[in-house]
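The structure under discussion appears below in the form of structure tokens.
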Amino acid sequence: MVTRVPKGQVRQNSPTTATVGGASVHTVGSIKPACFGCKSTTRKLNPVPGTKTMVGCAECIRKRKKEKSTQGRARRQMTTFGITLEEEALIVEFQGGACICAKWTGYNGRSRSLSTDHDHKTGEIRGKLCKHCNDLLGRIKDDPDYFRRMIAYLEDPPAKRLLGSRVVPGHGD
Ligand SMILES: [Zn+2]
Ligand SMILES: [Zn+2]
């Protein structure tokens, strides 16, 4: 049974339940909930996302979220590609900090938006590509001849070879 404790009164050594931002918090020895990280009881406390009973100050919640997302990324990178985040960063650096084909550095220069590309036949990791280049490779099924034909096409267009220089109407208006 939970007995109501008047506001501001601290009851020692008995479990109580406090409600913080909708989360039910169990506290022992104090009715004041504390931050899970810095143990502060005076900072503004909010429920910790993804938990039922934890509360924390904004700073500790932010830190926890960042740590969790880095851990999650590290785990995903290892499970999916078998490389560490450090190795991934080395590859990006070795490529000059950008998609090696498009020279794109990722959204806001964040190379983490580059995909880890691998050879689907051998399973070997090849490098880091932006989504555009990675998707293109998937569509042409890694065929180098496609690019050889594309280069020839751009350097010596067939229509121009056949009809001479013909310009679309309205071009340069
Ligand atoms: Zn805190
Ligand atoms: Zn690219």
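The values are calculated or read from the model by the stated rules, or taken from the named source; none is laboratory data. If you're wondering where the values come from, they're calculated on a predicted model, not measured in any experiment. Cβ: placed from backbone, ideal geometry, glycine included. Neighbour counts: every protein chain shown.
Selection of region 105-127 for residues being modelled with pLDDT of 95 or more and among the hydrophobic types (A, V, I, L, M, F, W, C) yields only ILE125. Here are some residues: LYS52, LYS39. Which one is in a loop (DSSP other than H, G, I, E, B), farther than 30 Å from LEU90 by Cβ and out of contact with any strand residue (DSSP E or B) (no Cβ under 8 Å at 6 or more places or on another chain)? After ruling out the rest, the residue left standing is LYS39.
The number of residues in region 115-141 being of a type in the set (Val, Ile, Thr), without any contact (Cβ under 8 Å) to a residue 24 or more places away in the chain and under 17 Å from TRP104 (Cβ atoms) comes to 0.
When you check GLU88 against the structure, is it closer than 30 Å to LEU136 by Cα, modelled with pLDDT of 90 or more and either crowded, with 16+ Cβ neighbours inside 10 Å or not assigned by TED's automatic domain parsing to the domain that holds LEU129 (or both), yes or no?
Yes.
Sub-8 Å Cβ pairs linking a first residue in region 147-173 that is without any contact (Cβ under 8 Å) to a residue 40 or more places away in the chain to a second residue that is charged (D, E, K, R) and in a helix (DSSP H, G or I), at least 6 apart or interchain, are ARG166/LYS160, ordered by first then second residue.
Table: residues versus (1) in contact with a Phe, Trp or Tyr (Cβ under 7 Å, 6 or more places away or on another chain); (2) of a type in the set (Phe, Trp, Tyr); (3) over 28 Å from THR70 (Cβ atoms).
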{"position": "ILE83", "(1), (2), (3)": "no, no, no"}
{"position": "GLU86", "(1), (2), (3)": "no, no, no"}
{"position": "ALA89", "(1), (2), (3)": "no, no, no"}
{"position": "CYS101", "(1), (2), (3)": "no, no, no"}
{"position": "ASP117", "(1), (2), (3)": "no, no, no"}
{"position": "CYS130", "(1), (2), (3)": "yes, no, no"}
{"position": "ARG148", "(1), (2), (3)": "no, no, yes"}
{"position": "GLY164", "(1), (2), (3)": "no, no, yes"}
{"position": "PRO169", "(1), (2), (3)": "no, no, yes"}
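Table: residues versus (1) of a type in the set (Ser, Thr, Tyr); (2) farther than 23 Å from GLY82 by Cα; (3) surrounded by fewer than 10 Cβ atoms within 10 Å (Cβ to Cβ).
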{"site": "LYS103", "(1), (2), (3)": "no, yes, no"}
{"site": "THR122", "(1), (2), (3)": "yes, no, yes"}
{"site": "PHE147", "(1), (2), (3)": "no, yes, no"}
{"site": "SER165", "(1), (2), (3)": "yes, yes, yes"}
{"site": "VAL168", "(1), (2), (3)": "no, yes, yes"}
